[in-house]
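Only one structure is covered here, and it is reproduced in the block below.
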Amino acid sequence: MRTFWFSLLTFALAFNLTGCRQSPYYQRVEVIPQNAWMYNFKPTFKIDITDTTAAYLPYFIIRHTQAYPYCNIWVILNIKSPGDTVIKKERINITLAESSGKWLGNGMGEIYEQRMPISLGDSFRFSHPGTYQISMEQNMRINPLPEILNVGFRLELMKPVKQ
């Protein structure tokens, strides 16, 4: 009987956690070697786009420890469109903690995970169908950047506004 209640509770918890969140169009997370993000480690995300009329919301995903020494992180996004030889660079600042020092995002023990919207305008549109490559590089003044466990990229499809 105890196993039945445990199974029921596990199912209900899993249903609640997944039932209310929007599924991403794309999401991938990379492990940072030795939890220290080096300048030369540039995770690359390849995204296949077919609908160029849709608007997308990009997110930066990060998992760090409580010992991360800064309240923010500067990241450079290198965006390569299909067929282009020119790479568009976007330098973004992601706030990780409030001015009081309280970490943003979700914490469990000494690990914090955040999914922060990337400010590239109100939405992000892809002009050509095909495979886009987005690579990330840390742009802080310290190399390697300590206490970073994972970084990732998420893309959500915006729902059209009903009129």
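The values are calculated or read from the model by the stated rules, or taken from the named source; none is laboratory data. Since the structure is predicted, the reported quantities are computational estimates derived from the model, not experimental observations. Neighbour counts run over all protein chains shown; Cβ positions are idealised from the backbone, glycine included.
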Which residues, counting only those in the range 39-77, are under 12 Å from the mean Cα position of the chain (by Cα) and not in a strand (DSSP E or B)? 43
Looking only at the range 19-38, filter to residues that are polar (S, T, N, Q) and not in a strand (DSSP E or B); which one of those is surrounded by the most Cβ atoms within 10 Å (Cβ to Cβ)? 35
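Condition check ((1) among the β-branched types (Val, Ile, Thr); (2) within 18 Å of residue 28 (Cα to Cα)) across all residues:
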residue	(1), (2)
71	no, no
91	no, no
95	yes, no
111	yes, no
134	yes, yes
138	no, yes
152	no, yes
155	no, yes
158	no, no
Can you confirm whether the range 75-88 contains a residue that is buried (at least 16 other Cβ atoms within 10 Å of the Cβ) and closer than 22 Å to residue 33 by Cα? yes
Residues within the range 118-133 that are at pLDDT 90 or above, outside any loop (DSSP other than H, G, I, E, B) and in contact with a Pro (Cβ under 8 Å, 6 or more places away or on another chain), tallied: 3
